[in-house]
1. Show the residue pairs that are 6+ apart or on different chains and have beta-carbon atoms under 8 Å apart, the first residue being within the range 33-58 and part of a loop (DSSP other than H, G, I, E, B), the second being at pLDDT 70 or above.
2. Say whether the condition of being modelled with pLDDT of 70 or more and aromatic (Phe, Trp, Tyr) is met by at least one residue in the range 11-29.
Amino acid sequence: MSVAPSRKESDLIKELIPWARHDAIVQAFNEREKERREILEMVENFQDASFLPEGAREIIGNIGKKSRD
């Protein structure tokens, strides 16, 4: 048999939920930005794309342009 939390405890939980959501969103954004920066760094360090198909070279060029903007 479970016991319902007291009113004070449930109010505290309700207050913390938006903060927890915000923290999770910020953490997810930071992780995505870190991955994006790592990919851009790999692309910038990638010197010879001549063996790639034309479409891939164009994509790599576009990524490089966006990172400089």
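The values are calculated or read from the model by the stated rules, or taken from the named source; none is laboratory data. The shown structure was predicted, so the numbers you read here are calculated from the model rather than taken from an experiment. Quick reminder, even Gly has a Cβ in these numbers, built from the backbone with ideal geometry, and neighbours come from all protein chains shown.
1. Note: pairs meeting the criteria are Ala49/Ala56.
2. Yes - at least one qualifying residue is present in the range 11-29.
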